Amino acid sequence: MDTPIRNASLADQVFRVLLNRISKETYPAGSQLPTENELADELNVSRSTVRTAIFKLEDRKIIHRKPGVGTYVTENINIPNPLNEFIEFSKLIEENGFKPGYIHISSEIIPADQKTQASLQLNKGEKVLVINKVFTANQDPIIYVINHIPYWLLKNKVSHKQALAPDFTRDFKEFFEAICDQQVSYFISQVRADLFENISPPEVMSVYQPQTSTLIIDQIGYNSAERPIISTTEYHPGNWMTFNIIRRWG
């Protein structure tokens with residue numbers, strides 16, 4: 001079996017092996033999966049274990065069955081994400097037919113490090129609210145996000161306890177407009193790629209294999225006064241999303 005997943009049932013391990021193969025296009029979109037018997041023999045598990053994993057993939061619309069023919073990888077399992085627009089991930093996931101979810105990993109208010117000071121034009125010693133969170137589609141973690149928000153935006157507006165609440169920035173548009181009295185006019189983004197094992201992901205993202213290709217998007221958001229009011233890093237492992245950008249002529 002591919003690299004085993006600790007603390008997971010045998011069916012969950014098979015599910016993650018198959019999901020990883022689909023993500024890496026070992027089983028490309030539209031291709032037929034091996035039979036349950038073939039997978040059971042290959043992975044040295046029972047057919048019922050394979051069937052449970054297959055049901056889980058089917059429930060997430062990652063595969064579909066053709067009665068009397070076989071089981072196939074769904075042609076379009078990814079979520080289109082236009083890079084030239086800011087769209088709430090939960091809304092984007094829902095609009096593409098998946099059930100969105102949100103997992104709050106951590107929040108803390110700390111002095112900004114040198115990189116964050118430079119990105120957000122902060123002085124030494126100024127603090128930032130750092131939020132780690134994961135967005136899910138049909139309960140599968142698909143995006144890991146780290147936000148840095150200058151604490152000057154929150155002073156005299158919310159308490160320390162409120163700022164650290166798990167759902168405090170879940171709806172970013174509402175957070176900036178209603179609480180901070182700010183609007184993000186535009187983002188400047190940098191895109192790079194790395195292996196999943198190099199990004200120090202939270203435990204909830206352990207469904208991905210260490211060698212999974214991961215798209216990383218670093219962004220700084222500016223208000224109408226050209227002042228940076230958020231820096232964010234997004235990690236997109238596997239092929240859950242396709243990214244589109246419009247380039248205008250002239």
- Message: Can you tell me which residue is nearest to the chain's Cα centre (by Cα) among those in the stretch 132-156 that are farther than 22 Å from Ser119 by Cβ and surrounded by fewer than 16 Cβ atoms within 10 Å (Cβ to Cβ)?
- Response: Gln139
- Of all residues in the stretch 36-56, which are over 15 Å from Arg16 (Cα atoms) and either surrounded by 13 or more Cβ atoms within 10 Å (Cβ to Cβ) or touching a helix residue (DSSP H, G or I) at 6+ places or on another chain (Cβ under 7 Å) (or both)? Glu36, Asn37, Asp41, Ser46, Arg47
- Go through the stretch 223-250 and give me each residue that's of a type outside the set (S, T, N, Q), surrounded by fewer than 17 Cβ atoms within 10 Å (Cβ to Cβ) and modelled with pLDDT of 85 or more. Ala225, Glu226, Arg227
- Filter the stretch 182-211 for residues that are touching a strand residue (DSSP E or B) at 6+ places or on another chain (Cβ under 6 Å) and β-branched (Val, Ile, Thr) and give the result. Val184, Ile188, Val191, Ile199, Val204
- Message: With the structure loaded, tell me whether Asn156 is assigned by TED's automatic domain parsing to the domain that holds Gly125, free of Cβ contacts under 8 Å to residues at least 12 places away in the same chain and not β-branched (Val, Ile, Thr) or whether it fails that test.
- Response: yes
- Residues within the stretch 188-211 that are more than 17 Å from Phe135 (Cα to Cα) and surrounded by fewer than 19 Cβ atoms within 10 Å (Cβ to Cβ), tallied: 12
- Message: Against the conditions (1) part of a strand (DSSP E or B); (2) exposed (fewer than 13 other Cβ atoms within 10 Å of the Cβ); (3) in contact with a helix residue (DSSP H, G or I) (Cβ under 7 Å, 6 or more places away or on another chain), where does Lys124 fall short? Just the number, please.
- Response: (1)
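The values are calculated or read from the model by the stated rules, or taken from the named source; none is laboratory data. The structure displayed is predicted, hence computed values, not measured ones. For neighbour counting, all protein chains shown are included, and Cβ atoms are generated from backbone atoms with ideal geometry for every residue, glycine included.
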